[in-house]
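First the structure, in the form of structure tokens, and then the observations on it.
The values are calculated or read from the model by the stated rules, or taken from the named source; none is laboratory data. As the structure is a computational prediction, the values presented were derived from the model and not from experiment. Note that we place each Cβ from the backbone using ideal geometry, even for glycine, and neighbour counts take in every protein chain shown. Note: accessible area is taken over every heavy atom of the protein model, side chains too, but ligands, DNA and RNA are not part of it. Shrake-Rupley method; radii C 1.70, N 1.55, O 1.52, S 1.80 Å.
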Amino acid sequence: MKAVILAGGKGTRLAPYTTILPKPLMPIGDMPILEILLRQMKRSYIEEVILTVGYLSGILKAFFQDGERLGLKISYSIEDEPLGTAGPLSLIKGLDETFLVTNGDVLTTLDFKDLIRAHVKSGAIATIATHARKVKVDLGVIQFDGANSINGYIEKPTYDFHVSMGVYVFEPRVLEFIPYNEYLDFPDLVLRMIEAGEHVNGYIYAGYWQDLGREDDYKRAIEDFEKIEPQILGTQ
């Protein structure tokens, strides 16, 4: 099975670290976050990985090379211009069977085999791994009735959401909704498929998940990895 890892972003929210280092090479423990992800894929019987790269691509290619060190076949798809999160898929040839797609900065205990099995069973064109998140607003929230009359006031509310984990399973037909070499993000892609009547499946995961979007997320991921490394790498 093939997997695509999106590794071409600039990681601006983690600057200045990412000024000289691609975000997927940010260290977690004694290895980059992307290597952790690749080791998990190898354990889930992924054989071939395509890295979509752009920003500081030479460093990523020099580090991972052809993947032989990790027991994987790794190739690279180059973005000359940023194409968003979904657009890079249009440049990749050979995605003619069910394939996995992930962001390059995901730290999770999710078993990709379970996700793939659930996707196949659902019969969906796409499956999005999701995680429950609570977002606390540290201010009083004012509610209006549509004009300027206040009809509600909530002190420091907490809202519950299901968010994308940045992990997907796609059927090849998904590529029909992605214009070649044009900018497109995943939310727009998903809406296009839903509007066309396609079944998009959600996989709710209650285990550990953390992305490396901001500096505090990164620091938390480092602390968490020290505690749950065996669970993530499958060495327990």
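Miscellaneous remarks
- Exclusive hit being without any contact (Cβ under 8 Å) to a residue 12 or more places away in the chain and under 17 Å from LEU34 (Cα atoms), set LYS227, LYS219: LYS219
- LEU184 being without any contact (Cβ under 8 Å) to a residue 12 or more places away in the chain, surrounded by 12 or more Cβ atoms within 10 Å (Cβ to Cβ) and either part of a helix (DSSP H, G or I) or not basic (Lys, Arg) (or both): no
- Scanning the stretch 63-95 for residues that are assigned to a helix (DSSP H, G or I), open to solvent by less than 40 Å² (accessible area, probe 1.4 Å) and closer than 16 Å to LEU34 by Cβ yields a count of 3.
- Pair list, Cβ under 7 Å, 6 or more apart: the stretch 150-169 residue more than 30 Å from ARG117 (Cα to Cα), other residue outside any strand (DSSP E or B): ASN151/ASP145; LYS156/VAL137; LYS156/ASP138; LYS156/LEU139; PRO157/VAL137
- Condition broken by VAL141, with the remaining ones in (1) over 23 Å from LEU212 (Cβ atoms); (2) crowded, with 16+ Cβ neighbours inside 10 Å; (3) β-branched (Val, Ile, Thr) satisfied: (2)
- The single condition among (1) surrounded by 16 or more Cβ atoms within 10 Å (Cβ to Cβ); (2) touching a His at 6+ places or on another chain (Cβ under 8 Å) that GLY202 does not meet is (1).
- Only one of the numbered conditions (1) over 30 Å from TYR55 (Cα atoms); (2) in a strand (DSSP E or B) is violated by ALA147, and that is (2).
- One residue stands out in the stretch 187-236 among those that are among the hydroxyl-bearing types (Ser, Thr, Tyr) and at pLDDT below 90: the one that is farthest from the chain's Cα centre (by Cα), namely THR235.
- For LEU184: the one exception among (1) at pLDDT 90 or above; (2) over 18 Å from LEU6 (Cβ atoms): (2)
- Residue in the stretch 103-120 that is open to solvent by 20 Å² or more (accessible area, probe 1.4 Å), modelled with pLDDT of 95 or more, in a helix (DSSP H, G or I) and touching a strand residue (DSSP E or B) at 6+ places or on another chain (Cβ under 7 Å) present: yes
- Answer from TYR159, TYR168, TYR208 - the residue that is in contact with a helix residue (DSSP H, G or I) (Cβ under 8 Å, 6 or more places away or on another chain), over 16 Å from VAL101 (Cα atoms) and either surrounded by fewer than 13 Cβ atoms within 10 Å (Cβ to Cβ) or of a type in the set (Ser, Thr, Tyr) (or both): TYR208
- Subset of the stretch 48-62 (residues that are under 10 Å from PRO22 (Cα atoms) and open to solvent by less than 10 Å² (accessible area, probe 1.4 Å)): VAL53, LEU60
- Only listed residue being within 15 Å of the chain's Cα centre (by Cα), part of a strand (DSSP E or B) and not small (Gly, Ala, Ser), chosen from TYR159, TYR168, TYR153: TYR168
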